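Each remark here refers to the structure printed beneath this line.
The values are calculated or read from the model by the stated rules, or taken from the named source; none is laboratory data. In this text the structure is predicted, and so the values were computed from the model without any measurement. As a convention, Cβ positions derive from the backbone with ideal geometry for all residues, glycine included, and neighbour counts pool all protein chains shown.
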């Protein structure tokens, strides 16, 4: 079975540019989560969706960050404009409604110069 | 807010040794999850625990859900070099779907 798929795996961009990260959750999963991981702050939850609806976006750092889930098999996290402090690894995770186990994708390593 | 405490930050052991990791909190959790993360990869789920006192094994790994519901333990027996990585605990209260993560313990295994 395919796990959570993220693209791109690596992204290098310049400050001020728009960045779009993509995620395909595991088929049949009801929840989708976006996390950011840095050495200083560890794993931080940015936003999560249930049945494509955003439930909690309190972790989104600023208005520069936005996330969408247009259907059950696709989500995007967009940063516009990007800043060097946004450099981190961004993970997507998904889970079923009736199980608490979250499964993570391989992550996107973002570097903003 | 809720916090999960994992310490020490790093552990160094000899191949073949057993190692135990703790995860503690002042809050009660209904689910405990243990993940392992290797360089350049996402966290991989190792063990899930759902009931206080539960003891679950996955190969050489054994984890326990503390009886107070405020802690959990992960034991690795007969360590091998591929056990190297960062081990995270995570807890869920059930009040919402948000996992609380510990900071992780970096495990190094000397051959």
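Observations, loosely collected:
- Subset of the range A:80-110 (residues that are at the interface with another protein chain (Cβ under 10 Å from one of its Cβ atoms), assigned to a loop (DSSP other than H, G, I, E, B) and over 10 Å from the mean Cα position of the chain (by Cα)): A:97, A:99, A:100, A:101, A:102, A:106
- Criterion applied to B:40, B:85 was being out of contact with any helix residue (DSSP H, G or I) (no Cβ under 8 Å at 6 or more places or on another chain), exposed (fewer than 13 other Cβ atoms within 10 Å of the Cβ) and under 23 Å from residue A:106 (Cα atoms), and the one residue passing it is B:40.
- Just one residue in the set B:103, B:98 is within 13 Å of another protein chain (Cβ to nearest Cβ), part of a loop (DSSP other than H, G, I, E, B), closer than 21 Å to residue B:3 by Cβ and in contact (Cβ under 8 Å) with a residue 40 or more places away in the chain; that residue is B:103.
- Given (1) away from chain B (no Cβ under 14 Å); (2) touching a residue at least 60 places away in the same chain (Cβ under 8 Å); (3) not in a strand (DSSP E or B), number of the condition residue A:62 does not satisfy: (2)
- Some residue of the range A:51-58 being surrounded by fewer than 15 Cβ atoms within 10 Å (Cβ to Cβ) and more than 13 Å from chain B (Cβ to nearest Cβ): no
- Verdict on residue B:26 being out of contact with any helix residue (DSSP H, G or I) (no Cβ under 7 Å at 6 or more places or on another chain), farther than 20 Å from residue A:33 by Cα, more than 14 Å from every other protein chain (Cβ to nearest Cβ) and modelled with pLDDT under 95: yes
- If the condition is being buried (at least 16 other Cβ atoms within 10 Å of the Cβ), under 17 Å from residue A:85 (Cα atoms) and at pLDDT 95 or above, then the range A:9-44 contributes A:11, A:13, A:19, A:21, A:35, A:36, A:37.
- Tally, over the range B:43-67, of residues that are in contact (Cβ under 8 Å) with a residue 12 or more places away in the chain, within 14 Å of chain A (Cβ to nearest Cβ), in a loop (DSSP other than H, G, I, E, B) and surrounded by fewer than 20 Cβ atoms within 10 Å (Cβ to Cβ): 2
- Some residue of the range A:77-89 being touching a helix residue (DSSP H, G or I) at 6+ places or on another chain (Cβ under 6 Å), surrounded by 20 or more Cβ atoms within 10 Å (Cβ to Cβ) and modelled with pLDDT of 95 or more: yes
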